[in-house]
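Asks: Here it is, the structure, as structure tokens.
We did not get these values from a lab; they are worked out from the coordinates using the rules stated. The structure displayed is predicted, hence computed values, not measured ones. Neighbour counts run over all protein chains shown; Cβ positions are idealised from the backbone, glycine included.
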Amino acid sequence: MALPPHQDLIACPHCDTLHVAAELPDGARAACQRCHAVLQTAQPGALISVVSLAVAAIVLMVVAVSFPFMDLDVSGNHNATSVFNAIAAFNTGLAVPLAVAVALFIVVLPVTRLLAIIYAISPLLRGAPPRPLARKAFGLAESLRPWAMAEIFMVGVTVALIKVADLATVTLGPAFWAFAALVVITVFKDQLMNRYAIWEALDKATPAD
Amino acid sequence: MGTARCARCHGALQSRDTQSLQKVWAWLIAGVILFIPANIYPMLLTNTLVEKSESTILGGVVDLVHHHAYGIAAIVFVASILIPLGKFLAIAYLALSVQRRSVINMHQRHKLYDVVEFIGRWSMIDVFVVAILSALVQLNTIASINPGIAAVSFALSVIFTMFSAQSFDARMIWDADRTAT
């Protein structure tokens with residue numbers, strides 16, 4: 001049996017079963033026959049939403065790192081803390097590498113992913129050919145996905161708030177809300193981002209040589 | 001010999017990573033070893049005017065229960081104890097079943113792998129709690145909270161088990177299956 005040309009085949013990223021790619025109607029999704037992993041989705045306008053959400057998330061991240069995150073008040077003694085303070089909390093001895101890891105997880109890697117996605121996808125919106133490193137950038141954004149932990153940080157913050165609630169009065173700063181919004185936006189963006197659709201779009205926009 | 005590369009993303013192509021299981025076991029064992037000090041040593045060092053206390057991961061959960069914060073206690077317990085332990089068992093089971101070329105429960109094992117990959121990173125919650133508390137509660141003599149050594153080993157344990165899960169090539173689950181259509 002002759003296989004269709006390889007551009008028309010999809011190997012399931014999970015179990016390697018080969019499928020023939022189909023032109024999906026808008027809003028439809030295609031799943032693997034063997035393991036039911038989602039292979040393709042067709043969402044019109046997904047690319048522009050992904051880029052705009054990524055830009056919004058970067059703006060919010062700037063706010064989140066530059067303003068105070070929370071303020072602690074125990075009978076007149078104040079301590080305002082920022083995201084940087086939380087990173088710098090691990091500033092003694094063996095804990096220093098942990099400060100680096102926390103900085104990577106909650107600020108550096110999320111921002112790297114956002115920038116890589118904007119760099120890779122934004123020219124496609126104008127119908128321009130992809131930038132020279134677009135493929136590398138998008139591959140990087142995909143491989144960093146599990147290591148960007150902004151949403152986990154927010155859950156940690158909630159737990160910490162409850163722990164100090166009866167010890168002191170805590171006031172939430174603007175950075176807290178910016179960070180919370182950032183997390184929601186990132187989740188929406190990742191939901192909209194279909195790997196296969198974006199690679200297809202990159203391929204279509206690349207001039208044949 | 002050159003490496004075959006993907007025409008689309010230029011990633012190196014490899015049918016199966018022959019050392020996948022070795023990497024899985026190596027990272028997994030490192031993760032399990034670090035999980036021990038993570039539970040024995042204190043996660044948080046708390047100084048107040050009246051007392052100086054240290055609390056471990058489990059101690060922190062017990063404190064929360066005493067403060068009647070049951071929901072939060074449950075989140076911390078699940079994220080810091082149940083998920084890591086469950087992950088160790090799940091990864092070991094997946095690796096063993098692939099080594100034995102098991103053909104049963106392939107769908108369930110694949111699901112299990114997806115769950116492990118998805119849920120592992122959530123164990124980091126407790127590390128972030130320590131980071132925030134240590135940054136926030138710095139009121140000179142009145143009260144201060146500092147991170148303990150367990151925070152470092154716990155974070156490393158989580159990172160190593162994430163590497164372990166990522167080294168597992170889920171396609172190996174299906175390799176024993178030669179009858180599928």
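Asks: What angle, in degrees between 0 and 90 and rounded to the nearest 10, separates the Cα long axis of helix B:125-136 from the longest principal axis of the Cα atoms of chain B?
Replies: 30 degrees
Asks: Taking amide H atoms as placed 1.01 Å from N in the peptide plane, list the residues 5 or more away in sequence, or in a different chain, whose amide H sits under 5 Å from that of B:Val137.
Replies: B:Ile145
Asks: Charges only on Cβ, +1 for Lys and Arg, -1 for Asp and Glu: so what's the dipole of the range B:8-138 about the Cα centre, in debye to the nearest 20? Before the final figure, lay out the partial values.
Replies: Values: 10 positive and 7 negative charges, 161 e Å.
Magnitude of the dipole: close to 780 debye.
Asks: Going 7 Å from the Cα of A:Ser52 along its beta-carbon direction, which residues of the range A:189-205 have the amide nitrogen within less than 18 Å of the resulting point?
Replies: Only A:189-194 fall inside the zone, counting backbone N under 18 Å.
Asks: OK, next. Once the Cα atoms of helix B:106-119 and of chain B are each reduced to a long axis, what angle between those two axes, in degrees from 0 to 90 to the nearest 10, is obtained?
Replies: With both axes taken from Cα atoms, the answer is about 40 degrees.
Asks: Continuing with this model, one more query. Give the long-range amide H neighbours of A:Ala31: residues separated by 5 or more places, or on another chain, with amide H under 5 Å away, using H modelled in the peptide plane at 1.01 Å from N.
Replies: Under 5 Å from the amide H of A:Ala31 lie the amide H atoms of A:Leu39, each far enough along the sequence or on another chain.
Asks: Could you work out, residue by residue across A:78-90, how many beta carbons of other chains sit within 10 Å of that residue's beta carbon, and then give the average as an integer? Present the calculation step by step, with values, prior to reporting the outcome.
Replies: Values: counts 1, 9, 1, 7, 1, 3, 1, 6, 8, 2, 3, 13, 10.
So the per-residue partner count for this stretch is 5.
Asks: Which net charge results when you count Lys and Arg as +1 and Asp and Glu as -1 among the other residues whose beta-carbon is under 14 Å from that of B:Ile145?
Replies: -2
Asks: Among B:157-168, B:29-40, B:114-125, what's the highest-first ranking by average C-beta atoms within 10 angstrom per residue?
Replies: So the peptides B:157-168, B:29-40, B:114-125, ranked by packing, come out B:157-168, B:114-125, B:29-40.
Asks: Which FRET efficiency value, to the nearest 0.05, do you get for B:Ile119 and A:Gln7 by plugging their Cβ-Cβ distance into 1/(1 + (r/R0)^6) with R0 = 45 Å? Before the final figure, lay out the partial values.
Replies: Working: r = 35 Å, r/R0 = 0.78.
Step by step, r from the Cβ atoms, then E = 0.80.
Asks: Tell me, what HN-Hα J-couplings in whole Hz come from the Karplus equation 6.51 cos²θ - 1.76 cosθ + 1.60 at θ = phi - 60° for each residue of the range B:14-19, using x for Gly and Pro?
Replies: Calculated HN-Hα couplings, in order: 8, 5, 9, 7, 5, 9 Hz.
Asks: Separate question: Relative to the present Cα-Cα distance, how much length would full extension add between B:Ile33 and B:Thr141 at 0.36 nm per residue of separation?
Replies: Working: separation 108, 0.36 × 108 = 38.88 nm, distance 3.63 nm.
Answer, rounded to one decimal: 35.2 nm.
Asks: May I ask for the net charge around A:Leu39, where only other residues with Cβ less than 10 Å from the Cβ of A:Leu39 are counted and Lys, Arg are +1 while Asp, Glu are -1?
Replies: Summing Lys/Arg as +1 and Asp/Glu as -1 gives +2.
Asks: A further question follows. Listing B:Lys87, A:Lys136, B:Lys52 from the residue with the fewest other Cβ atoms within 10 Å to the one with the most, what is the order?
Replies: B:Lys52, A:Lys136, B:Lys87
Asks: Cut-off 10 angstrom, C-alpha nodes, Gaussian network model of chain B. Which of B:Ala79, B:Ala12, B:Ala170 fluctuates the most?
Replies: Evaluated over chain B, the most mobile residue of the options is B:Ala12.
Asks: Considering every residue in A:46-54, what mean count of other chain Cβ atoms within 10 Å of its Cβ is obtained?
Replies: Per-residue shielding by partner chains comes out at 0.
Asks: To continue, here is another question. When chain A is treated as a GNM, springs tying every alpha-carbon pair under 10 Å, which of A:Gly139, A:Gly173, A:Gly27 comes out with the largest mean-square fluctuation?
Replies: Judging by the Gaussian network model, the answer is A:Gly27.
Asks: Quantify how strongly other chains surround peptide A:132-138 by giving the mean number of their Cβ atoms within 10 Å of each of its Cβ atoms.
Replies: The shielding value for this peptide is 1.
Asks: Based on DSSP H assignment, which helices of chain A show an axial Cα extent of at least 18 Å together with a mean Kyte-Doolittle hydropathy greater than or equal to -1.0? Mind dumping the intermediate values first?
Replies: Numbers: long enough: A:46-66 (30 Å, 2.78); A:109-125 (24 Å, 1.75); A:150-164 (21 Å, 1.96); A:174-192 (27 Å, 1.38).
Membrane-span-like by this rule: A:46-66, A:109-125, A:150-164, A:174-192.
Asks: Taking only Cα atoms, what is the 0 to 90° angle, nearest 10, from helix B:20-40's long axis to the longest principal axis of chain B?
Replies: The angle comes out near 10 degrees.
Asks: List the residues, sorted by chain then number, that are 5 or more residues from B:Glu54 or on another chain and whose placed amide H is less than 5 Å from its amide H.
Replies: The answer is B:Thr46.
Asks: Turning to a different aspect of this structure: Tell me, what is the FRET efficiency for A:Ala42 and B:Ala26 to the nearest 0.05, using R0 = 56 angstrom and their Cβ-Cβ distance as r?
Replies: That gives a FRET efficiency of 0.85.
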